[in-house]
Amino acid sequence: MRLEKLAELVELARHLASSAEGLTLDEMAQVAGVSRRTAERMRDALGQVFPQLEEVPDPPTKRFRIPNGLDGFSQAPTTEELLELSKAAAQLRAAGALPRAAVLECLERKVRAATKAKALRKLAPDVEALVRAEAIAVQAGPRPFEDENLIGHLRHALTAMKAVSFRYMGGRTPGERRTVIPFGLMFSRMNYLVAGEVGALQPRNWRLDRIAEIEVLDEPGVPPSQFSLQDYAARSFGIYQDDVEDVVLRITGEGVEDALRWRFHPTQDVHQESDGSVIVRFAASGMLELSWHLFTWGDKLEVLRPQRLRDVMVKQLETALARHRQFPSQDPLASGALSEV
């Protein structure tokens, strides 16, 4: 058997061992990227290597799984896997997401501890060398607020499907106590709880750094069955949610090459015109956050639609110009009005 075929079998075995309910033949074919018939042959081959392979009835089909996991030989991590795990933890720590960084660092230690000493001695030098050779670029922006106790309470409420109560230090009535049904957590430049107040039809975003005195209630808190956090997040360019708009952008000149590789939005459609320009279309809300990003393209990008986005960009520019055209009569640093750093 060729080595790549063996690798595909081992990878499929990992999927079968990591799935509590098992995989159907069609799911096995999708995971392995093969036809159903090939998936059947792979299942039969795995049955010879792993006699514990189970067949679980799930009318009108069947599912297959490998209970009790795999042994250390077939589960040893690769250099690249350990490297990316270490980098993911470092990236979270650099961004200020310390509780989530600590979770990944703990997972990395567990993976290393579960790896046989001989394999680990072989992997460790390469991982350490690559960690030194690859850096995380930290971008300017707000440091996300992450409180381990707060996130722990919210995750408990989400898994137990319970409502929560907290004092919210933002909004129109700062300090008022709110009772909400948690829908999910969104981690971005700012971290948010997506939740709906009891009786409300639509969820809202609640900044985690403004939540205080949280309490998980005994009351049930079940989000609507049709709600999808991924779809909700994809509606907006960033975090802010407002009316969804059909956005059309034209990129020209030096920006064309970048635009063909750029991801503006999950729903985008990118098309290169006969004149060489690139037209990008997508539907999203959050015109203010979108405008902040579009400014980074300078004169290489033009907003064709919607007019509201053009108006938002013009207003932002006018505000900045009004502030910076009013030059002080003298340098405040030179006059001592402000202390130099």
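The values are calculated or read from the model by the stated rules, or taken from the named source; none is laboratory data. Treat the numbers as computed from the prediction; the structure is a model and nothing was measured. Cβ atoms come from the backbone with ideal geometry, glycine included; neighbour counts cover every protein chain shown.
Would you confirm, using the coordinates I've provided, whether Asp269 is acidic (Asp, Glu) and under 22 Å from the mean Cα position of the chain (by Cα)? Can you show your working first?
Numbers: acidic (Asp, Glu): yes; under 22 Å from the mean Cα position of the chain (by Cα): yes.
Answer is yes for this residue.
Residue by residue, here is whether (1) touching a residue at least 12 places away in the same chain (Cβ under 8 Å); (2) assigned to a helix (DSSP H, G or I) holds:
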site: Lys5; (1), (2): no, yes
site: Val10; (1), (2): yes, yes
site: Ala13; (1), (2): yes, yes
site: Leu16; (1), (2): yes, yes
site: Glu21; (1), (2): yes, no
site: Ala29; (1), (2): no, yes
site: Arg37; (1), (2): no, yes
site: Arg43; (1), (2): yes, yes
site: Leu46; (1), (2): yes, yes
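So that you can scan it fast, the table gives a plain yes or no per residue for (1) among the hydrophobic types (A, V, I, L, M, F, W, C); (2) surrounded by 12 or more Cβ atoms within 10 Å (Cβ to Cβ); (3) within 28 Å of Met186 (Cα to Cα):
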residue: Ala7; (1), (2), (3): yes, no, no
residue: Ala17; (1), (2), (3): yes, yes, no
residue: Gly47; (1), (2), (3): no, yes, no
residue: Glu81; (1), (2), (3): no, yes, yes
residue: Val103; (1), (2), (3): yes, yes, yes
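Looking at this structure, is Phe64 aromatic (Phe, Trp, Tyr), in contact (Cβ under 8 Å) with a residue 40 or more places away in the chain and in contact with a helix residue (DSSP H, G or I) (Cβ under 7 Å, 6 or more places away or on another chain)?
Numbers: aromatic (Phe, Trp, Tyr): yes; in contact (Cβ under 8 Å) with a residue 40 or more places away in the chain: yes; in contact with a helix residue (DSSP H, G or I) (Cβ under 7 Å, 6 or more places away or on another chain): yes.
So Phe64 fits the description; yes.
Specify which of the listed residues (Thr38, Thr24) is hydroxyl-bearing (Ser, Thr, Tyr), outside the structural domain of Ala119 (by TED's automatic domain parsing) and under 31 Å from the mean Cα position of the chain (by Cα).
Thr24
Just to verify a result, which residue in region 98-143, among those that are hydrophobic (A, V, I, L, M, F, W, C) and modelled with pLDDT of 80 or more, is farthest from Leu82 (Cα to Cα)?
Keep residues of region 98-143 that are hydrophobic (A, V, I, L, M, F, W, C), which gives 98, 101-104, 106-107, 111, 113-114, 117, 119-120, 123-124, 127, 129-131, 133, 135-138, 140.
Now restrict to residues that are modelled with pLDDT of 80 or more: 98, 101-104, 106-107, 111.
Details: Leu98: 19, Ala101: 15, Ala102: 15, Val103: 15, Leu104: 11, Cys106: 13, Leu107: 10, Val111: 8 Å.
Here the residue is Leu98.
Restricting attention to strands (runs of 3 or more DSSP E) lying wholly within region 183-287, give those where 1 or more residues are out of contact with any Lys or Arg (no Cβ under 9 Å at 6 or more places or on another chain), over 25 Å from Gly171 (Cβ atoms) and of a type outside the set (Asp, Glu).
Values: elements: 191-197, 204-207, 211-220, 245-251, 269-272, 278-284.
The strands (runs of 3 or more DSSP E) meeting that bar are 245-251, 269-272, 278-284.
Going through region 160-195 one residue at a time, which ones are over 25 Å from the mean Cα position of the chain (by Cα) and either of a type in the set (D, E, K, R) or not assigned by TED's automatic domain parsing to the domain that holds Glu213 (or both)?
Answer for region 160-195, where residues must be over 25 Å from the mean Cα position of the chain (by Cα) and either of a type in the set (D, E, K, R) or not assigned by TED's automatic domain parsing to the domain that holds Glu213 (or both): Arg167, Arg172, Glu176, Arg177, Arg178.
Considering each residue of region 257-284, count those that are under 14 Å from Val244 (Cα atoms), small (Gly, Ala, Ser) and buried (at least 18 other Cβ atoms within 10 Å of the Cβ), and give that number.
Count: 1.
Being over 26 Å from Ala97 (Cα atoms) and outside the structural domain of Trp292 (by TED's automatic domain parsing) is the requirement here; does Pro203 meet it? Full working, then the answer.
Details: over 26 Å from Ala97 (Cα atoms): no; outside the structural domain of Trp292 (by TED's automatic domain parsing): yes.
When the stated conditions are applied, Pro203 does not pass them.
As an exercise: evaluate Glu55 against (1) of a type in the set (Asp, Glu); (2) touching a Leu at 6+ places or on another chain (Cβ under 8 Å); (3) not in a helix (DSSP H, G or I) and give the number of the one condition it does not meet.
Exception for Glu55: condition (2).
Just for region 227-257: of the residues that are over 18 Å from Gln202 (Cβ atoms) and of a type in the set (A, V, I, L, M, F, W, C), which one is modelled with the lowest pLDDT?
Filtering first and then ranking leaves Phe237.
Out of curiosity, is Arg177 at pLDDT 90 or above, under 27 Å from Ala160 (Cα atoms) and surrounded by fewer than 13 Cβ atoms within 10 Å (Cβ to Cβ)? Give the steps one after another, and end with the answer.
Working: at pLDDT 90 or above: yes; under 27 Å from Ala160 (Cα atoms): yes; surrounded by fewer than 13 Cβ atoms within 10 Å (Cβ to Cβ): yes.
Judged against the criteria, Arg177 is a match.
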